[in-house]
Amino acid sequence: MSNFGEWIHRTVLAALLAGLPASQICFAAGAPGSGPQSVVSADAALYIKVRLPGSVKLSKLKPGDQIEGTLARDAYSADRKVFAAGSSVRVTVDHMERRRRAPNDHWPWIIKLFTPRHENYPFFKTASVSQAAGESSMQVSLISIARMREVHAQAKKNKPQRGPSEAPAAVEVSKAPPRKSATPMMVLEASSIESPPPPPGESAGEGPEPETSTSGVLPAATRCKILLLDSVSAARSKPGDAVRARLLEPVLLNSRVILPAGSLFQGKVVKRTAPRWLSRPGSLYLTFTDLTFPEGTRLSIAASVAGAELDQRSHTRIDAEGQLRGERPGKAWMAINLGVTAGIAKEVDDGVQLVIEAIVSTATDASTAGTSRIIASCVSGLYMVTRHGRDVILPRFTEMDLALDRPLTVPASTQPEAAPVAAGGK
């Protein structure tokens, strides 16, 4: 049996032993050597976003330390609310491990060169969520802890009638909140939830559930909260690369669920511009063209990026067409590059002067100094010209907002059946 056949055999056997339904084995089995794949199922793992009360220093945590916070948004499984926003969350550090730092667009490469490539990162095994119905425990793994800020697409103002001498209407740019006030967020992937049964007629989240719709037409510009399942960047991604995302919250129409949480969005990189010389930043344009429901039904859609939640130090904005663009280098960025350029010029100047004096015994100080300065100026100028601008980086598990570019008709056959589920939806 070939290596690939043996791998398929082992994968299917492991899935059957784990009790995975046969209909989901094809989703669980990724390519050899690839990372974990997402299962398109209403029972997929929950992504829980926790707002922390203050700054958390990962390197200072120790096994046994507890971190407490509150849920920043509702957690859903299909059309069921598992946990309500505002619920108290408590996690305990199991152990610490060294983990490779995620790529970012914060600083020039010279700073990254001297930045440690790894960092101490906490690992969690269990967490508890306190609600009115009681306390629920679950198995969790940490995805990220960072201070986040929201970036929204620019919006054009209405253009009133104007005379030929009037200036064109300005473009209104949505401004993110001040970075110093960004709230630290912790994102967890949860599974195997154990919780007390909810009151009759309610889910684990407080309040009655929205009704399940039989069909509906979502208008254009409808927003969908998604979680990116693939890392993309302007420097590394290529046009045509596939992009996947998972719907975090159900989309409602007249208080009825039209798109259940857990649905899979599929798209691609349409266009990208890598960071270029003269400190010109990169850009990235994504589009989503397919939607797969938890039970497997697939629809064609047209949706573009309308917003994203990024690290507070990220320098990425979104234009009116949904294209992500890196910002121009700021004062700190330019000061760092100018300082490195000055250092290069000084070292080249001194080095060339010593080489010329060693080779040419008749050279005068004036001639060697002039020649070395010319060479140093050329080298430092070349270095400054070849500096690339900021990249556009969307790490895996980035939360984003999609906006439908055209109305979406959802037939009745795609709607989940309204049936009571146990707390946690597991």
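The values are calculated or read from the model by the stated rules, or taken from the named source; none is laboratory data. Everything numeric here is computed off the predicted structure, so don't read it as measured data. Glycine gets a Cβ as well: all are built from the backbone with ideal geometry, and neighbour counts include every protein chain shown.
Let's see how each residue does on (1) in contact with a helix residue (DSSP H, G or I) (Cβ under 6 Å, 6 or more places away or on another chain); (2) of a type in the set (Asp, Glu); (3) touching a residue at least 40 places away in the same chain (Cβ under 8 Å):
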{"residue": "THR297", "(1), (2), (3)": "yes, no, yes"}
{"residue": "SER300", "(1), (2), (3)": "no, no, no"}
{"residue": "GLY322", "(1), (2), (3)": "no, no, yes"}
{"residue": "ILE344", "(1), (2), (3)": "yes, no, no"}
{"residue": "ILE356", "(1), (2), (3)": "yes, no, no"}
{"residue": "VAL385", "(1), (2), (3)": "no, no, yes"}
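Picking from residues in the stretch 255-275 that are small (Gly, Ala, Ser) and at pLDDT below 90, the one that is nearest to VAL217 (Cα to Cα) is SER255.
Among the candidates LEU264, LEU291, LEU284, the residue that is buried (at least 21 other Cβ atoms within 10 Å of the Cβ) and either of a type outside the set (A, V, I, L, M) or closer than 23 Å to ARG390 by Cβ (or both) is uniquely LEU284.
Looking at the structure I just gave you, is PRO103 within 30 Å of ALA335 (Cβ to Cβ) and either out of contact with any Asp or Glu (no Cβ under 8 Å at 6 or more places or on another chain) or at pLDDT below 80 (or both)?
Working: within 30 Å of ALA335 (Cβ to Cβ): yes; either out of contact with any Asp or Glu (no Cβ under 8 Å at 6 or more places or on another chain) or at pLDDT below 80 (or both): yes.
Yes, satisfied.
Among the residues making up the stretch 115-143, those that are among the hydroxyl-bearing types (Ser, Thr, Tyr) and closer than 21 Å to LYS57 by Cβ are THR115, TYR121, SER141.
Filtered by the rule that a residue be among the hydrophobic types (A, V, I, L, M, F, W, C), in contact with a helix residue (DSSP H, G or I) (Cβ under 9 Å, 6 or more places away or on another chain) and over 23 Å from PRO53 (Cβ atoms), the stretch 107-146 gives TRP107, ILE110, ILE111. SER128: at pLDDT 80 or above, under 24 Å from the mean Cα position of the chain (by Cα) and part of a strand (DSSP E or B), yes or no? Considered against the rule, which asks whether it is at pLDDT 80 or above, under 24 Å from the mean Cα position of the chain (by Cα) and part of a strand (DSSP E or B), SER128 comes out as no.
Of the residues making up the stretch 255-268, those that are in contact (Cβ under 8 Å) with a residue 60 or more places away in the chain, within 21 Å of the chain's Cα centre (by Cα) and in a strand (DSSP E or B) are LEU264, PHE265. Select from the stretch 386-404 the residues that are closer than 14 Å to ILE143 by Cβ and β-branched (Val, Ile, Thr) and list them in ascending order. Scanning the stretch 386-404 gives a single hit, THR398.
Only residues that are over 15 Å from the mean Cα position of the chain (by Cα) and assigned to a loop (DSSP other than H, G, I, E, B) were counted across the stretch 282-322, and they come to 10. For the residues LEU252, LEU278, the requirement of being modelled with pLDDT under 95 and part of a strand (DSSP E or B) singles out LEU252.
Within the stretch 62-88, being surrounded by 15 or more Cβ atoms within 10 Å (Cβ to Cβ) and within 13 Å of MET186 (Cβ to Cβ) holds for ILE67, GLY69, THR70, LEU71, ALA72, ARG73.
Could you list, in sequence order, the residues of the stretch 62-93 that are assigned to a loop (DSSP other than H, G, I, E, B), touching a Gly at 6+ places or on another chain (Cβ under 8 Å) and over 12 Å from GLU249 (Cβ atoms)? Of everything in the stretch 62-93, just one residue is assigned to a loop (DSSP other than H, G, I, E, B), touching a Gly at 6+ places or on another chain (Cβ under 8 Å) and over 12 Å from GLU249 (Cβ atoms), namely ALA84. Within the span defined as the stretch 329-344, one or more residues are of a type outside the set (D, E, K, R), buried (at least 19 other Cβ atoms within 10 Å of the Cβ) and closer than 26 Å to ALA102 by Cβ. Restricting ARG73, ARG117, ARG90, ARG98 to those that are closer than 25 Å to SER314 by Cβ, modelled with pLDDT of 85 or more and charged (D, E, K, R) reduces the list to ARG73.
A single member of ARG298, ARG313, ARG373, ARG325 is basic (Lys, Arg), surrounded by 15 or more Cβ atoms within 10 Å (Cβ to Cβ) and within 30 Å of LEU247 (Cα to Cα), and it is ARG325. Candidates are the residues of the stretch 89-118 that are surrounded by 11 or more Cβ atoms within 10 Å (Cβ to Cβ) and under 20 Å from the mean Cα position of the chain (by Cα); the one that is farthest from ALA190 (Cα to Cα) is TRP107.
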